[in-house]
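One structure is given here, and the rest of the page talks about it.
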Number of protein chains: 2
Amino acid sequence: MSEADLKHDPMDHAEDTARQDAPESDSLDEDNRLKPEFVRSVKEALDEEDTDRVYDLVEGLHPADIADLFELVDERERLTLASSIRDLMGVEVIAELNDWVREALVEALPADVVAEIAEQLDTDDAVAMLEDLDEKDQQAVLAEMEPEDRAAIESALSYPEESAGRLMSRDFVAVHESMTVGDLIDFLREHRELPTEFWEVFIVDPMHRPIGTCSLSWILRTPRNIPLYDVMARDQTLIPADMDQEEVALRFQKYALISAAVVDPSGRLIGQITVDDIVHIIQEEAGEDALLLSGAGDGDINEPILLTVRARLTWLVVNLATAMLAASVVGLFQGAIAKFALLAVLMPIVSGMGGNAGTQTLAVAVRAIATNQLTDSNTVRMILREFRIALANGFALGLLIGVGTWLIFDNPLLGAVIASAMVINNLVAGLMGILVPLTLDKFNVDPAVSSAVFVTTATDTMGFFSFLGLAVVVGLA
Amino acid sequence: MSEADLKHDPMDHAEDTARQDAPESDSLDEDNRLKPEFVRSVKEALDEEDTDRVYDLVEGLHPADIADLFELVDERERLTLASSIRDLMGVEVIAELNDWVREALVEALPADVVAEIAEQLDTDDAVAMLEDLDEKDQQAVLAEMEPEDRAAIESALSYPEESAGRLMSRDFVAVHESMTVGDLIDFLREHRELPTEFWEVFIVDPMHRPIGTCSLSWILRTPRNIPLYDVMARDQTLIPADMDQEEVALRFQKYALISAAVVDPSGRLIGQITVDDIVHIIQEEAGEDALLLSGAGDGDINEPILLTVRARLTWLVVNLATAMLAASVVGLFQGAIAKFALLAVLMPIVSGMGGNAGTQTLAVAVRAIATNQLTDSNTVRMILREFRIALANGFALGLLIGVGTWLIFDNPLLGAVIASAMVINNLVAGLMGILVPLTLDKFNVDPAVSSAVFVTTATDTMGFFSFLGLAVVVGLA
């Protein structure tokens, strides 16, 4: 998925003076995004089917920007763009493409062309390209590939989706503990088929189990005659191949890793994961909370619109059911409302404010659970913390709205009722906002996905019930 | 902030066999979090002031886990913990501590002790430690420091908060273009004061302007007599020192960088940023959308509770004002509600569903803007996309609730009114959900911070107005 793990030949670099990522570029704005004028010129050239002009425009771009360009042009223009710049469509571009855009392009290409591209990609990128194809297309592509590449991809596909086994690269440098620094440098100079971009060397025992890692900087700074055994760090983070990618990302972050060894159940080194593959995942996993909490599903703007409608509508229909539940609470008080319609005017304030306060607590709790900050060790403290915050906010808001209501409608009893309801509903919001995600997490349900329904149901129903109920009890209607 | 940029001596590693990050650990659970039993033992030992036992328990932990432990014990136990494990409180622990926890610890320590710690930290970590102290304490600490370290920190503090200048490390390896691979290796072996952990070497011209970078893996694989000039990549991403850290994080991600040169306005190389410092920022910046959208402010569970209450209450009071605006719309229809109280029962469904749909669109738009996926080039396409989604969802939900209302209350006209209001409010939600964040972004206001208020105000008021207004127009009340 990333540029740095694509194979570079070190000798190639003297040539590529053309690409310069500089702010004074013709195609990029000051935020490093493709300029709208530039995108418009490309679109015009595409519309006129002027492939030479398209090529001239795109030629100078960095592969990551070519990938962005695919997202920015219209869907129907993407295939024309791909065929206009055929020899610029290198592995870097394919690896950087948005999943949805790549899937659509890949589906439009014949199996043998896809196989040809897949063979040039690193295994992890090839897997990302093929994993979303349907079974039949996938088999057709695999059948066209060289046996060795096919085996690597099939082995990767045998791991669960979003696991370390799918993410790992099978290109890494592992050497025996008996080597010296000098031996290693000679070995690296002689073996040109090794990956060119790597940051650490793994030291393995005779059973091919990792026993330490060496940063390249340590190797470069150490005299040739020193054994690697004396330079390596024994303190290493081993990633089991079936570990979920979110967990992998947390380890990379916690221990500030650059790369990590992936091991099979018997402890043998089978791959490596590098940090540049992880930054995408950290960003996606951290960013998806906002989307999941809102029920926006995948949230990718390139997702086919029918899938988007289905994902969002499912969530909205669930919420419709809970809204009807809340409405039925109001229904219990129709008589009171008919007598004193002002109740209907004020009741959405109580339920709405509860919803806002609950969403705040929920957002905090979901982030803290996702980042391993909220664990069994501090659960009680955090529940008490949210309780105190809810109490403070409830009293402050209750006072404001209570006094306001009293003064505006000259009705102190109505003011007292709405103030009390506000305190009650803030407490409901605060407690549900933290207890719901904690409970879901206990049952291994992602709290970001389904907490909001429970919390807003609680704040809506309790908001209406406490306000209207109190009003009836004190004889306002 | 991170472990990898702390200075390691390569020769030290043979000793540290003790730390092993393995799932079978006594202190860590299967998700790599400290076990509650373990934290409880530490807390018991702290309560009994049994410092030896505390030391024994903590001794085997990784610095990142010691930092986590500080978060998990109660606030009043943290100072005792720090003094019980004084010589384990290495720079790695300080660098990994949560900002709030560190700030509280640092404030409790005398200025000369803080100065001593700061001198051992890398500049970026020292800045993180000192930047939140108030002016007076900061000056007291700086006065205790060696002139050279003080100058580096003062220079970092002269850059805006959250800029590349604060984030960068002043330890990096830059060499002249005339060197060969062999010269560089000799240079690295001779200069022990260089940073031990680095991933790329910067090649500079006589004016100290970066002209290329060399991955260490290329250097290790290239014969000694080859000039660096022929190995280096000329294609580099230069970071201006005043660039915002969010922008820096986007560049690292887009171009899959491991490290990048930071330059001053004249183009001179003044520092480097490495990816391990960036993963925290990527995670924070991506994760904060969920918190900002909900108005939960910083959202860190270690934030002092009074600051949390103030941040959340500010947001809630703003929302109270908008809730009162929505209520005043209902107020216009009090007469109608008194005549036909069922309207009050159904109206929250329309406003609530609009709120949900608006939040979905908003979450998607805010993420797409933050990740540079939504730019001027595809704005119109995305607005049309949201319009189509809103239309589809509006009709589906309108049909459901319309038919439901008709059947339950045996009132086809009421069903038609609520169905129409649902379509209208979904369109309002979809359009506001994308137009509000786009507009705020145009005026350089962070759309995550203030969009939600405008969107929910629109869906609340339009929900009530369209439903109650239509009901009156068709003569239901």
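The values are calculated or read from the model by the stated rules, or taken from the named source; none is laboratory data. All of these numbers come straight from a predicted model, not from anything done at the bench. Note that each Cβ is placed from the backbone with ideal geometry, even for glycine, and that neighbours are counted across all protein chains shown. Heavy atoms of the whole protein, side chains included, go into the accessibility calculation; ligands, DNA and RNA do not. Shrake-Rupley method; radii C 1.70, N 1.55, O 1.52, S 1.80 Å.
Pairs of Cα atoms under 8 Å, at least six residues apart: use those to get the relative contact order of chain A, whole percent.
After rounding, I find 11 percent.
Quick one: if you stick a label point 7 Å off each Cα along the C-beta vector at residue A:75 and residue B:444, how many nm between them?
Roughly 3.7 nm, to one decimal.
Counting pairs of alpha carbon atoms under 8 Å apart in space and at least six apart in sequence, what relative contact order in percent does the range A:304-473 give?
Over the range A:304-473, the number comes to 36 percent.
Using protein heavy atoms only (no ligands, DNA or RNA), what is the total accessible area buried between B and A, 1.4 Å probe, nearest 100 Å²?
Answer for the B-A pair: about 13200 Å² buried.
I need the peptides A:415-423, B:286-294 ranked by packing, meaning the mean over residues of other C-beta atoms within 10 angstrom, with the highest value on top.
Listed from highest to lowest mean packing, they are B:286-294, A:415-423.
Read phi for every residue in the range B:205-214 and hand back ³J(HN,Hα) as whole Hz from Karplus 6.51 cos²θ - 1.76 cosθ + 1.60, θ = phi - 60°, with x for Gly and Pro.
Going residue by residue, I get 8, x, 7, 6, 8, x, 10, x, 10, 10 Hz, with x marking Gly and Pro.
At a probe size of 1.4 Å, how large is the accessible area of residue B:263, to the nearest 10 Å²?
That residue has around 20 Å² of solvent-accessible surface.
If you put +1 on each Lys and Arg Cβ and -1 on each Asp and Glu Cβ, how big is the dipole of the protein assembly as shown around its Cα centre, in Debye rounded to 20?
Around 5460 debye, computed over the protein assembly as shown.
Using modelled amide H (1.01 Å from N, peptide plane; none on Pro or chain starts), what sits under 5 Å from the amide H of residue B:212, excluding residues fewer than 5 places away?
B:203
What net charge is computed for the residues neighbouring residue B:311, neighbours being all others with C-beta under 13 Å from the C-beta of residue B:311, Lys and Arg scored +1, Asp and Glu -1?
With Lys, Arg at +1 and Asp, Glu at -1, the net is -2.
Return the distance in nm (one decimal) between the two label points of a simple spin-label model at residue A:268 and residue A:170, each offset 7 Å from Cα along Cα→Cβ.
The two pseudo-label positions are separated by 1.3 nm.
Where does the range B:114-215 land on the Kirkwood hydrodynamic radius, alpha-carbon pairs, in angstrom?
15.4 Å
Whenever you get a sec, compute what percent of the accessible area on chain B sits on carbon and sulfur atoms (1.4 Å probe).
Here it works out to 56 percent.
Can you give me the Cα centroid spacing of the range B:88-128 and the range A:318-339 in angstrom?
The range B:88-128 and the range A:318-339 have Cα centres separated by 55 Å.
I'd like the distance separating the alpha-carbon centroids of the range A:419-436 and the range A:219-247, in whole Å.
Between the Cα centre of the range A:419-436 and that of the range A:219-247, the gap is 50 Å.
At R0 = 25 Å, how high is the FRET efficiency between residue B:134 and residue A:381 if r is their beta carbon distance? Nearest 0.05 is fine.
Approximately 0.40, to the nearest 0.05.
For peptide B:313-320, how many partner chain Cβ atoms fall within 10 Å of a residue's Cβ, on average?
Mean partner shielding for this stretch: 6.
Label position 7 Å from Cα toward Cβ: report the copy-to-copy distances for residue A:381 in nm, one decimal, ordered from shortest.
Inter-copy label distances (nm, one decimal, shortest first): 4.9.
Can you classify the range B:272-382 as rounded, prolate or oblate using the Cα gyration tensor, where a ≥ b ≥ c are the square roots of its eigenvalues, rounded means a/c under 1.5, and otherwise it's prolate if a/b beats b/c and oblate if not?
The shape class here is oblate.
Other chains near A:67-80: what is the mean number of their Cβ atoms within 10 Å of each residue's Cβ?
Taking all residues of A:67-80 together, the mean is 2.
If the label point is 7 Å along Cα→Cβ of residue B:235, which residues in the range B:256-281 have backbone nitrogen under 17 Å from it?
B:256-261, by backbone N distance to the label point.
Tell me whether the range A:304-473 comes out rounded, prolate or oblate; compute the Cα gyration tensor, take square roots of the eigenvalues as a ≥ b ≥ c, and use a/c under 1.5 as the rounded threshold.
oblate
Keeping every protein chain present and rolling a 1.4 Å probe, give me the accessible area per residue for chain B in Å².
Ligands and nucleic acids excluded, the result is 39 Å² per residue.
Gap in Å between the Cα centre of the range B:384-414 and the Cα centre of the range B:265-285?
50 Å
Using r as the Cβ-Cβ distance of residue B:339 and residue B:395, and R0 as 30 Å, what FRET efficiency do you calculate, to the nearest 0.05?
Once the sixth-power term is evaluated, E becomes 0.50.
Please list, or write none, the lysines whose alpha carbon is within less than 26 Å of the alpha carbon of residue B:35, excluding same-chain residues fewer than 8 places away.
Result set, ordered by chain and number: A:254, A:442, B:43.
For residue B:180, list long-range residues whose amide hydrogen, built 1.01 Å from N in the peptide plane, is under 5 Å from its own amide hydrogen.
Those lying under 5 Å, H to H, from residue B:180 are B:228.
What nm distances, shortest first, do you get from the label point of residue A:193 to those in the other copies when the point sits 7 angstrom along Cα to Cβ?
4.6
Would you mind listing the distances between the residue A:107 label point and the same position in each other copy? Use 7 Å along Cα-to-C-beta, nm, one decimal, shortest first.
5.6
How many partner chain Cβ atoms sit within 10 Å of a residue's Cβ in peptide B:374-384, on average, as a whole number?
5
Would you mind calculating the gained length between residue A:157 and residue A:116 on full extension (0.36 nm times residue separation, minus the Cα-Cα distance), in nm to one decimal?
Additional length available on full extension: 12.9 nm.
What ranking of B:26, B:230 comes out by heavy-atom accessible area, probe 1.4 Å, highest first?
Putting B:26, B:230 in descending order of accessible area: B:26, B:230.
Let me check something: with ligands and nucleic acids excluded, how do A:161, B:44 order by accessible area (1.4 Å probe), largest to smallest?
If we order A:161, B:44 from most to least accessible, we get A:161, B:44.
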